[in-house]
Structure formats: C-alpha cells, structure tokens
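Since every read-out is calculated from the coordinates, none of them should be taken as a lab result. Since we're looking at a predicted model, the values are computed, not measured. Counting neighbours? That spans all protein chains shown, and the Cβs are built from the backbone with ideal geometry, glycine included.
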Amino acid sequence: MPETAVTRIRHGSSIGQPLTRRDGLLKVTGAATYAADNHPEGLLHAVMAVSAIARGRVTHLDVAAAEAHPGVVAVMRPENAPKLAQHPDKKDNPFAFRLDLLQDANVRYANQPIAVVIAETVEAATEGARLLAPRYEAEAARTALDTDTPFVPPAVGAGEEPSASTGDVEAGLTAAARRIEVAYETPSQYHNAMEPHAIVAAWDGDRLTLDTPSQALAMAQGRIAGLFDIDPKNILIRSPFLGGGFGSKAGAAGPQVLGIMAAKLAGRPVKLVTRREQMFGPVGHRAQTRQTLRMGTDGEGRLTALEHRTLTASSTYDDFFEPSGGVSHTLYASPNISATHEAVRLDIGTPMFMRAPGEASGSAALESAVDEMAEACGMDPLAFRLKNYAEIEPISGKPFSSKALRECYAQGAERFGWGSRNPAPRSMRDEAGLLVGWGMGTATFPALMMQAEARAILRADGRGAMLIGAHDMGQGAWTALAQIAADSLGLDLDAVTFEMGSSDLPNAGIAGGSAHTATAGSAIHEAGRAVIAQLADLATNDEASPLFGAGNAGVIARDGSLLRRDDESRGERFSEILGRAGRAEIVATAKSASDPAARDHYAMHAHGAVFAEVKVDPELGQILVSRLVGAFAAGRIVNPRLVRSQYYGGMIWGVSFALHEHAVTDARSGRIMNASLAEYHVPVNADVPSIEAILVEEDDPHVNALGIKGVGEIGITGTAGAIANAIFHATGIRVREFPITLDRLLG
Amino acid sequence: MNRFDYVRAGSIAEAIAAASEPGAAYLAAGTNLLDLMKGGLTHPTRLVDVTRLPGLDRIERLPDGGVRVGALVRNADLAHDADFARAYPSVAEALLSGASAQLRNAATTAGNLLQRTRCPYFYDPASACNKREPGAGCEALGGETRGHAILGWSEHCIATHPSDFCVPLVALDAVVEIEGRAGRREVPLEAFHRLPGDTPERESVLEPGELVTAVRLPGEAAGFAAHSRYAKVRERTSYAFALVSVAAALRLDGGRIGEARIALGGVALKPWRAREAETALVGAAPDAAAFRRAADAALAGARPSGDNAFKIELARRLIVRALTLATAGTPERMPALPASVFAPASGDPLHA
Amino acid sequence: MTIPLSLTINGTRREIALDDPRVTLLDLLRERLHLTGSKKGCDRGQCGACTVLVDGRRINACLQLAASLDGAEVLTIEGLAEGDALHPVQAAFVEHDGFQCGFCTPGQIMSAVGLIREAQAGDDPERIREAMSGNLCRCGAYLGITEAVRDAQSRMNQGNAA
C-alpha cells in the first residue's frame, strides 16, 4: 500500500491537530438541526401518557375526555395501536432491548408508556395525555436490591462472563497480613442527555423517513424494519446531531418507536418528544449496585487477594446486568482475584449501557476500597497502587498492548502536587478553615474495536469525499473523523467532503464503548488508502507519469499529490493522474473490525490517574470538588482539543457520580420521586471550578492501524473514587454509599 | 396544561374583579405557576395577567427610611438595586442565592412569596397530598422525607416553604400589602404564610381575589445592615433549593448584642422566625457559646418528620455559622457564591 | 379565543394571532415560528436550554406565556450574529470548545450574552461560573464555557473602549 500521512505525524497532517469543531458554526448559531427541530408538512404532535404504578395493569383510560379536547386527533392505546410484525419483547442480541409498545395493558415499571395522544398542537397533545387519568390494578412494587432472591445472570454487560478468577482468593486472604471487607452501594442513575429522546416520523406507503437521534443507525434501522416488516432500505434515519446520548440512544428506544406507530395510526407525520420526567424509565438507566470487596495484603502492601462481588438489578422482563466487576480483572496485580456478579429482578425499567457501564460503578467501589486497603497498610495511596501495578493483565495473563499508566501517575501527581500531601485524615485546612482532602483513583477503560464500513471517493478535480454513517453525540466525530479522512486521502481537510449521520451511508456500527473514533476511523483510513492504492496503480503503470515504475509502495500521498518516496521532488497532482487516465472518480469501500489475533495476544486498555481535591465545611458537611487533575494515556490522539473536552466531561460525570446523581424511589409506589432536573442533580458550572486534563503520550502498535484507543468514558472512572477518597482524607469519615451527601459528614 | 381564559388586567380593580371568580389565578412572571400547571398540579380556569398593572414595579424609599418593594419588582432588579442591597444586604444575598439568573430576571417579589412547596409528593400528581386535594392524605409521611419539615409540621402535611427571599424578610419584620374587594390591608410577613395544621391547602392568609401589591421593609430594619447575612446549605453549589438556610442580623452595642434577628428556611411550611433565639442573644457577647444557646432555643421544638433528623442538627450549626458571619460583618461586596459556605471570606466588611 | 400579539423577534416585528393562551414563548418560537435554535431540555425552567433575551434580559422561554409578552422584544440565537459575522460570544464558544453535543449551546450563549449585559460578574471566573449555573451542560463543557464568556467579554469591552 502507498503511504498516507496518517502513519507518521508530520507537517500537513490533519491528525493530531487541535482543530476547532467543524460543526461549531452550526451549533453556535442555532442552525444545527436536532430531531425535534424538524417540521414536515402536516405535522402532528404526540405526547405519551406514562404509568404511575410500577407493577400491575391499566384498567381504565378516559379516552373520551382526551378525544374531546380540542385539537386531539387520536388516542393510541393497546386497543387501536398499529399491529407490529414482531413482538417488541423479541430479543436477538444484547443491544436489542425489549420495548413497551402498547401491546397490552400490563405495567412493568413506573413511567412506562401506556398511551400516546396525537394532536394538532403540542399543547393539545400534552393536555390530552393528562386527561386520560388512568386507573390501575396495582401490585406491590419491588424496587430495592433486598426485595428479591439473587441469581447468577448468564452474562453481564455486552455478553461478558459473569465471573472470572485466578488463583484462590480464600487462600490469599488467609495468608494476608492485613485484610479488609467493605461494601459499597451505588444508586440508579439516569442518562439525562440534554436532548430528550425525540422523533419526527413520516410514512410514505411502506417507506419511512425518521429524524431521530441514534448512536447506532444501522441497528435502529434493523430493529424498526423488523417491528414494521419493511425493508431496512426503505427506512431513512437522519441523525446529524445527537443532543447527547451516553448510551441511551443506541438502538431505537420505546418512545421513538411509539412515534413511528403514532404516525402510522394518524396517517400524517408525527413528532413525539419525551418529556423530561418520562426519561426516568423507558429509555434506560445505570443499575444500582451493592459491591462487596475483600482484599488482603502481605507485610509490604502487596495484594495477596482481591475479591469483587457485585449485586445488581435488572428489570423483570429483560436482561442487562451492570458489569461492575470488570475493572478488577485488569487493574491491580494479585495472584488471587475473583470478580463475580449476582442480580435480582425488580419492577424497574431495564437498565442499560450508561457512560462507562460497569467501569464507572465498579471503579467507584474498587478505587475506594483500594484507598481503604492502602490506609490499612499505612501506605500512601499512590505508592500502594504502584506497589500493585499490573505489569500484565492479571486474570488473562496477557501483556498490555501498551500501558503508560506509570507516566499518568507521575505526571498527574506532579501537576497536582501530590508529594506535599499530609497523609493524616482531617489534617489539612484552607485559609477559610474548610477541611481539605486529597484523593486519587486509577482510571481505566478497555480499548475496543467494533465493525464499520466507509466509502472513499477521489474525483477528477482532485477533491475527495468520505461517506460513513457515523454518529456525533458530542464527542466530535464531525471533526475527528474528517481529520482521519483527509489524511487517508492525502488531502487537505478542506479538500474533502465528509458526510455522516444518516442511515443511507455505509454502516458505521455503534457509537459506544469509546470505540467509535477507532472503529469508524479505521474504516475511513482503509477506504482512503484503498483509493490511493488505485490511484498509485494508475500513475506507477503510466509511462507518462513521473511516478512510472516507482511501484505501489514507492509513492506517498500528500496535499493532493502522489510523490516518489525516494525523491519527493518528483510527483504529480491527483487531478493530473485521473485526468490522463480519463477517470471521473475512484471509489473504494473498506471495513474495519477488531483483529482477533492481536486481541488473543494482548490486553488492550486506556489508562489514567485522577487526583482530586475537595473542600468540606467542617460543621455543615457541604462538599465542593475544588480541583481535579487527570492524566490519561489513550494511544494516538486525533484532536487534542476535543479529547481534552471528553476528559473534562468524563471527570465531571465523576463529580456527578460521587456527589450528585441519585434516583430517589418511593419503596411503596415504585415511583421515582425526583424525576426532574431540579431535583435529580447533575453538576452545574459552579460545581467544577478547576479541572485539568493531561494528555500522556502513548504509542500503541497493536490496537488498530491508527493506534487509537477511546477517550469518551475513561474520565468518569477513577474520578468518582478519587473524590470519595479525598472526602475521607478531608474528614476522616468513609462514606460507602454513593452519592456522598453532607448529612453523612455531620459527625 | 388545561385550557384557561387569559385576561390582561389594566388596573388593580379590574384584576381583583377578574380574579375573584372561582378557578381564577393571578399570572405575573409565571415561573412557578406555569411549572405547576405543566405538572398537572394546579388547574386554573382563568389567568389574570397582572404584569401590566401600573405602579407595581417600583422600589420606593419611605419616610421612615424603609423601603416599599412593588409586587412586580423582579428578584434580580431588587437584589441589584444598590441602595436596597446596602440597606438590606441579607435580603439581596438570599435573592441571589436562589434559583438561576434567568429565573431571578423573571420572578417577581409577590410571586416569590407565593411559590409553592417542592415536596416531591406535592409535585407527583399520583401521590396523595392534602395540599392538592384536601382530605386525600399525605403520602410524604413514611416516604422519602430527607428534605421535609422539622418545625411546625402536622400529620396532614410535612412540606417546607422553598423561598430564600422570605427568610431574611421575615427576620426583618417585612409587611405584606394586600388589596382585595374589601379594600387594602397589611399583614406582617410572619403571619402571611400559614402552618399546615389540618388545612394545609390554605398556604397563606390571602382571600380569593386578593392581590399582593407590595412588600415593605421598615427603616428600622436597615439598622442591621452592618451585620446581616444569609447562609444556605444545599446539595449543589448553585441552582439548588436550600436543605436549610438561615438569615441572621445583629445590632452590636459595644461588644454586646443589642438586638438579634434570626429566621430559618427549608425547615417549615413557612419562613420560620426564631424569636426565642433572638431573645436568648440580647445582651450576650457575640461568641460561640451564645450562638449555640440561641441555636438550641431555635430548635427546641423541632422534631423529625421522617428521615430528616439530621436537619435539626444542621439547622443548629447553620444558625451558629450565620451568626458568626453576621458578627464578622457584612462583606463590602456580594460574595461570588451568595450565601454559600464556599464563599471566600475575602474583602472588608461593608461597615467597618 | 384569539389573542393578538405584536412581538419583535430578532429585530423583525411580527403580528401574531395566538389561538391558544397556553402557548409558551418557547413553543411559539419552535413550533409555530420554526425558530428551533432555542431548545427544550426540560420545559420546566430547570435546565436553561431555552434561554432567550426578552427586552434585553435572559429568561427561560419555557416558563413564559407568549400571550403575556405583547409588545416585547425577543432575541434568540438565530438573531445574534450580524450576517456572517459571529457575535463575539459565539466565536469564543467555538474557540474555547464551549460545547460538545451542542444542544444546550444556544441557551448557554444567550445566557452568556445576558450575563455580559448585566455586568455583575466582571472577569471573576467564580462569579461567571455562578452566573452561568442556570444552564446545565450534561456533556460537561463548563470549562470552555467559562473561558468563552471571559474571552468574549474582554473582547467586547476592548471593542467598546476603542
């Protein structure tokens, strides 16, 4: 293959440049179109009515009252909902969640959709939904971990084994000089992307046009095709911008499909936007957990055993199990490790992937427990972690494809000033008398690769195009993938037309698992290279070309020209080559996937170290995370400006996990009592006065051809634990229930 | 929200006439009313828009040195009125610690007084609530009650009043001016809100059709300006309701407390004036022991209404804190984080 | 009942016959006038995504009945740039990466414009953070937002001084 600029960063390359967002202009002028911003001709508005009970059935809806409301066109309910070709409880992969689509009167969780009111205006639809005044036959709700008997789920997360171990934990604990056993609880958390799930659906015969946010266009298209028995090709999903996803917009969620059904029932285009309080149930959440950790160390602070038992909850009707124990597979060295999961079934909406699923909750508990173990050993938390540094992945025994965690620790500690930490809890104060605490945590997230396809085009005028159905939920795909595309074609960024965010483009798989840049980027890279290879064939076999005879590997593509590797003064423009060959364009399609051989040999993870400073009012307990420093190593950085933003965002999610997020459920009704952004707290600007992210260099030759690991989720891991540890250091009080609230610190 | 008639009132008399019909409600900024209507919690059949009423948007100096704040004065305008903030700094601080800049730009003086509780069971139309439906019962009892009342609650209602603004107002003897069909009347703010008793649906002394036209602060209350603070404990650094808040104002006479004013927010269904605590402080040296005695006096009658016993101790400590801050002196400039425990203790006192 | 309404939106006077008094300013803008830059994130005044300026002041458009605004001047994100020239706050948001998904961005920017007009925060980052706390950003772009506000404000002040 000819060389394209990506394999070696140098002048003229797009990769590595801190470009501002290419979609920035649209976003700052209000011109970026999100799903609910669309208004096709004849549009109707649909609003869901949702259940106020968590278990039982709907016995009555006042359909007449709703229908009598001026402007109401129809009330969609089980009796008249369009028939589906496939039961929405059909499940053929872990990403296909069972949906509540008005198939019957049963209620399986609070806030389950039970009807949809369709009207000429959003005002009429909203009031129509209220007028339904449902009556129920309610059964006792089960919403707490202790209200059911635990079982071992067949798989956790996206199909991982529920247990993994090495050595003999009991023996390791018996042999230990020091032991701890601690249990941590993490609450139900809701994604709450700023953009509620929304859809504008328009049928034209058996063709369907949808404006709806999607982190997985092809998957959503396939699911919808199955539900309505239409050819996936007849479904166009436009999702140029997602107003955040965080895992909740992967497939088609129930409310989105209800919008499609409503359009079918009404025979007109329909817009359905989930109300904020309706985001607490039918569109997923992070499951609550209780994690029990046992650890032992020898006299020098080396872990002799690490056991991580997770109890979590799924719904009564579907399977997703928060894989909290995964972090213990990889993070610390110990001859004896065991990570296991158990679960109960509750009357709740099905939990699902939420930013760093498993790693976020698992890391919060593990990093807190590691801090407790270090404390028990009388060791500095950083020294303890270095003492137990995993040189190889402990359970699998594989070497890491790359692991610059030591550099992360060192650079983060240096920047933070960790060296001047007084180890004694409650020993530090600021000038105002507030308690000051310093804590740290290790960040980790697997470097995944999924599957994607891209199509590259080089045109006679020398301009390129790259087409891929990729997704931008805020991570910056419009920019980062375009940078990769430009380099793959040896073109300046402005000479490449980059298209994404629509289901009629090549399938880019899923924007999830922090793998989208690596996966979609690899497909783009390969597609561009394939075009350049064809171009090089044309040139090097053409006697009229200065590149004649150079051989395919003897040329490089840069700035719209092919150059001889052995003499860069000899070359010619892409347009000249195509022109002489009489070609209008060169097109190539390529796919990316993980390399099973490399994955057999290596453990692949991004790593980081997070250092947190908290201030705690000594009498009143109120907590502020006054400073965060994160140092992360995640392979090649495509765009440092955007990557830094991903780290900031992840760390703020860590603040949120540690101090804020918590769905409060009434145990009697099973209803969530704080289903609003006023009472379900996420951090505001004033909560995060100082955050720094250090990009630690790391070269990974194994993860993929581009050397890219993910950056979207790692920031939350490590951070929640670091904050919890800082609170302990500030106060001497160890709170083992997240979020950590001020009442626990009153002493 | 339900359909309603929209009436734009041109005069106070017209407004009162229009609002005296059953089902009518006044609309000013609507920051609370629309929220409640969207939640299906209140269903007025007529909204009487009073935002155009002349003369209600003024801040007037009174002959006694006090100030009269028109019912339509926006919270932000009042807080940023330099003369007002100098005379009543704790009121400005409380205003700026509440809600968000956007809401403060819209919300009015009278609307703030009349805002309804944030009790999650009140806010959940599927829960029984005596406020929404007299006699329905109180589902908050035995539920999620971390934020509920510790003072003045009853078996019929354990909700709290969410206002920050009202807390220093009640401490400073604010008076509410009201007009209705029967003419004008005045009610001390302390008597304006009602405790739940067995009629929690009656939240204030307003009769149907009555309109709050102004809130008055006496000139005498400006005498506390040098030692007047508002302190608010919340679970987010900003944009959060108080778990507990305290307004504290002191008049110091030669190293002794000449007069003290203390009120609490987030603890009862009304802004809670702590008169016993005030009495306990008169003549005492402003020190921790005296503050603690005052705090104990203020919370003597407190009892948890659920999982909220911590609020009693929190309120005690916050009283001590607020009194300590008030003793140190009102800061020259509004803290960057008004009423926050994380407000940097920088800058010289306003009146050294 | 039709309510006649005269509004100046982004400098253009509009005569509107409102057929439903329930229509909020936000729904008027988005669903009836198709000015969809202002976003609905919560519809209850809890997120700030709908922030617009009414008579020069930032408010939550979701909690404002349109009927009550007769005669008002409304400025939305669509009316902020002058032709192709971005408002300094818009430009600073791009430069400082003050957003990720972009959904809260119109509200953040209008809030920032309102904040600069209020002139209460100065260049103090802590005051800016507090004053911008009515605008939630779930992506966590707060650092860039704060820097963008400071930068834009300083540029605007220099412009005024010149």
*If you look at just the Cα atoms of the protein assembly as shown, how large are its Rg and its Dmax in Å?*
30.9, 106
*Put a dot 7 Å past each Cα toward the Cβ at residue A:135 and residue A:175; how far apart are the dots in nm?*
6.9
*Evaluate Rg over Rh across chain A, taking Cα atoms for both radii and Kirkwood's formula for Rh.*
1.00
*Of all DSSP beta bridges in region B:5-49, antiparallel share, percent nearest 5*: 0
*At what distance in nm do the modelled label points of residue B:155 and residue A:690 sit from each other, each positioned 7 Å from its Cα along Cα→Cβ?*
5.5
*Pull up the DSSP beta bridges for chain A and report the antiparallel fraction as a percent, rounded to 5.*
75
*Provide, as a two-decimal number, the C-alpha radius of gyration of region C:3-79 over 2.2 N^0.38 Å, N being how many residues it has.*
0.96
*By counting other Cβ atoms within 10 Å of each Cβ, how are A:461, A:595 ranked from fewest to most?*
A:461, A:595
_Using the Cα centre of region B:225-328 as the reference point, and only Cβ charges (+1 on K/R, -1 on D/E), how large is the resulting charge dipole? Debye, rounded to the nearest 20._
200
*Consider all pairwise Cα distances in chain B and report the whole-number % of them above 28 Å.*
40
*For A:91, C:39, A:403, order by how many other beta-carbon atoms lie within 10 Å, fewest first*: A:91, A:403, C:39
*Which of the lysines could be linked to residue A:233 by a straight reach, that is with a Cα gap under 19 Å, when you skip same-chain ones fewer than 8 residues away?*
A:264
*asked:* Greater than 29 Å separation of Cα atoms is the criterion. Which listed pairs, A:27/A:249; A:591/A:709; A:249/C:40; A:249/B:38; A:249/B:232; A:249/A:591, meet it?
replied: A:249/B:232
*Write down the radius of gyration of region B:259-352 and its Dmax, each obtained from C-alpha positions, in Å.*
14.1, 44
_If you take every residue apart from residue A:405 with its C-beta less than 14 Å away from the C-beta of residue A:405, what net charge results, scoring Lys and Arg +1 and Asp and Glu -1?_
-2
_Residue (of A:102, A:381, B:223) at the positive-pole extreme of the protein assembly as shown, dipole from beta-carbon charges_ = B:223
_Which of A:699, A:743, C:55 has the fewest Cβ neighbours within 10 Å, and the rest in rising order_ = A:699, C:55, A:743
*For region A:510-570, what is the Kirkwood estimate of the hydrodynamic radius, computed as the reciprocal of the mean inverse distance between distinct Cα atoms, to one decimal in Å?*
12.9
_Give me the Å³ per residue figure for the convex hull around the C-alpha atoms of region A:43-85._
117
_Given the options A:343, A:467, A:588, identify the residue whose Cα lies farthest towards the positive end of the charge dipole of chain A (+1 on Cβ of Lys, Arg; -1 on Cβ of Asp, Glu)._
A:467
*What's the FRET efficiency of residue A:229 with residue A:415 using the Cβ-Cβ distance as r and R₀ = 56 Å, to the nearest 0.05?*
0.45
*asked:* Within 10 Å, Cβ to Cβ, of residue A:603, how many net charges do the neighbouring residues add up to if Lys/Arg are +1 and Asp/Glu are -1?
replied: +2
*Test item: Cα-centred dipole of the protein assembly as shown, Lys/Arg +1 and Asp/Glu -1 on Cβ, debye*: 1100
*Quick one: if you stick a label point 7 Å off each Cα along the C-beta vector at residue C:1 and residue A:541, how many nm between them?*
7.9
*Take residue B:182, project a point 7 Å from its Cα along the Cβ direction, then tell me which residues of region B:197-234 have their backbone nitrogen under 20 Å from it.*
B:199, B:201-214
*asked:* To the nearest 20 Debye, how big is the dipole of chain A about its Cα centre, given +1 on the beta carbon of each Lys and Arg and -1 on that of each Asp and Glu?
replied: 240
_Antiparallel bridges, percent of DSSP beta bridges restricted to the protein assembly as shown (to nearest 5)_ = 80
